[in-house]
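Just so it is clear, none of the values below were taken in a lab; they were calculated from the coordinates. Quantities reported herein were computed from a predicted structural model and do not represent experimental measurements. Reconstructed Cβ throughout: ideal geometry from the backbone, glycine too, with neighbour counts over all protein chains shown.
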Amino acid sequence: MDQPAQADGRGSSTISPVLPNQREVLTEARPGFRRLGLEWPRFSGWQWKILLVLTLINLLNYFDRLIINPMFPFLKEEFGVSDSRLGLLASAVILVHSLAVLPFGFWSDRGPRQKIMAFGVFLWSAATALSGVAFTFRSLLLTRGVVGVGEGAYAPAGTAMISDCFPRSFRARVQSVFNMGMLVGGVLGLAAGGVLSEWVGWRYAFYLVGFPGFLLGFAAYRLRVPVAPPAEKPPAVASLLKIPAYLMVLAGGMFVVFAGTAFITWGPTFVIRYHGLTVAQAASWMGLIVLVGSVCGVLLGGYIADTLQAWWPFGRAITIGSTLLVGTPFLYVAVSTDSLFEFFVCLFVASALLTCYHGPATAVIHDLTPEPAHSFAFALYLFVIHLFGDALAPVLVGKVSDLTELRHGLQIGVAANFVAAVCFLVVAGLIRRQSRSHHRQAVVKPPRQPQKP
C-alpha cells in the first residue's frame, strides 16, 4: 500500500500530505461546461482560491512595477535628468529582478514556496511605499531596485505552484489567467501612475499603492494547498541547457519582452510627444485600449494554445509564433502613423495579438522541463528575458531617442518582435521533430531474439 508523501520541508503547515497516486486525482478537472462557445472547467474550490490569490498578487506585482513609467515627466522636472536616466529607473527593477530570480527559483524547488512568495510580496510592497520618500534620484533608484528583489522571490514559485495544482491539459489556460493579472496590473499601473501623479503628486501615489501588498502577502501565506510539491530530487541545472527547444524559448522570450517593455515604458511618452495628449489623457487612453486588447489576447491565446496542443505536441509553440508574426505589422503602423485614430486601432490589435503568448510560454517551459525543476526553469527564463530584454529596452530606446527621436527607438522594438516570432516558430519545429523521433522509436522495435532450446 502506498504511503503518504511527505512535504520534505518544502511546504508550510497549510500543505496536507497526499498519496502519490492521488496527485492526478486531486488536480483533475471535472467535466466542464460551454459558455460563449468556449469550454470552461469545473475545478475544486481550493484550486480557484489559489488561482485567484496568485493572480491578484501578480496584478499587484506589475502595478507596482509600472506605476513609475507615466511619472517620467514629473520625475524629469523634479530631478532634472535625461531620458536615458529616466529609463534607468525602469531598468533597475528589471536588472535586480533578473538576478534575484535565480537563487529564489533554486530555493523554490527545494523550500517552502508559500513562505517565499509571502516574503517577496511584503518586501516589494514596503519598497514601493518607501519610493515616495526619495528626495534624490539615487535614493529613488535604490528603492526601485529593492522592488525587483521582492518580485524575484514571487514569480518562479507562483508559476510552479499553478502547474502543480491544475491538470496538464489546462496548463496554458490557467497560466493565461495568472498572466492576465500581470497585464491588467501593468495597464492599471500605467493609468494610475499618470492620474494619481496629477491629482495627489507622485510621492503620495507611491504611498497609496504600497499598502495592499501586505494584505495579499498574508493571504498567500495562509493558502491551503493539498497537493505536495514533487517528491523527486530536482535535476542538475546544466541538464536544462541540453534541451534545444528550451534554449530557443529563452531567446524568443528575450526578444518579445524587449519589444513589449519598449512600448510599455515609452508608449505614454510617445503619445504625449507625437499626438499632443496630456499625461493623464495618454495614461488613461492607452491604459484602456491596452487593457481590453490584452485581456482578450491572453485569454484567447491560452484557449487556442491548449486546443492546438490536444491535436499536435507543438500546438502551444505554434500559437505563440503565429500570433507574434501577425501582430508585427500592426505594431509597425502604430509607431509610424501620424494619425491618432490609426495609432489607437493598431495599438488595440497589436495588444491582443502580442499578449497571446503569455500563458502558453509558461506552459511550454513546463512541458519541456522536468516537473521538479519547474521553478528554476521559469526562473532562468525570467533571468534571460529580463536581463537582456527588459533591462536593456528602456535605456536603449531612451538613448536612441536622445540621439535621434523616440519613434526610431520604438522601431527597434518592432524588429525585436519579429525575431521573437521566428524563434517560437523554430521551437514548434524542434518539438515536432522530437515528437516524430519518439514516435519512430516507439513503432520500430528491435527484432526478437530466438530463444535458446
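Assorted remarks:
- Charge dipole magnitude, Cβ of K and R +1, D and E -1 - the chain, Cα centre, debye nearest 20: 1460
- Spatial separation of Cα centroids for region 113-170 and region 362-438, in angstrom: 21
- Placing unit charges on the Cβ atoms of the charged side chains and taking the dipole of the chain about its Cα centre, the candidate lying farthest along the positive direction among Leu387, Ile243, Ile304 is Ile243.
- When Ile320, Ile412, Ile272 are sorted by how many other C-beta atoms sit within 10 angstrom of their C-beta, beginning with the fewest, the order is Ile412, Ile272, Ile320.
- Cα-based helix-to-principal-axis angle, 83-108 vs the chain, degrees rounded to 10: 20
- By the beta-carbon count within 10 Å of each Cβ, the least crowded to most crowded order of Cys296, Cys356, Cys165, Cys423, fewest first, is Cys296, Cys165, Cys423, Cys356.
- Debye intensity ratio in log₁₀ form over the Cα atoms of region 234-285, taken at each q of 0.28, 0.29 Å⁻¹: -0.97, -0.99
- Computed log₁₀ I(q)/I(0) - Debye formula, equal Cα scatterers, no solvent, the chain, q 0.11, 0.12, 0.13 Å⁻¹: -0.84, -0.99, -1.16
- When each of Val290, Val395 is scored by the number of other beta-carbon atoms lying within 10 Å, the sequence from fewest to most is Val395, Val290.
- Student exercise, region 104-166 dipole from Lys, Arg, Asp, Glu Cβ charges, in Debye to nearest 20: 160
- Under the shape rule built on the C-alpha gyration tensor, where the axes satisfy a ≥ b ≥ c, region 299-362 is prolate, since a/c reaches at least 1.5 and a/b is greater than b/c.
- Simple point charges give the picture: +1 on the Cβ of Lys and Arg, -1 on the Cβ of Asp and Glu, and for region 106-260 a dipole about the Cα centre of about 320 debye.
- Helix 406-443 and the long axis of the chain differ in direction by around 0°, with both axes built from C-alpha atoms.
- Cα-based helix-to-principal-axis angle, 392-403 vs the chain, degrees rounded to 10: 30
- DSSP loop GluC sites (Glu not before Pro) with at most 15 other Cβ within 10 Å excluded, longest remaining stretch of the chain: 29-231
- Cα gyration tensor category, rounded, prolate or oblate, for region 369-442 with a/c compared to 1.5: oblate
- Lysine pairs meeting the criterion (Cα under 26 Å, 8 or more apart or interchain), as found in the chain: 4
- Projecting the Cα atoms of Met180, His374, Ser294 onto the charge dipole of the chain (Cβ charges, centred on the Cα centre) puts His374 farthest toward the positive pole.
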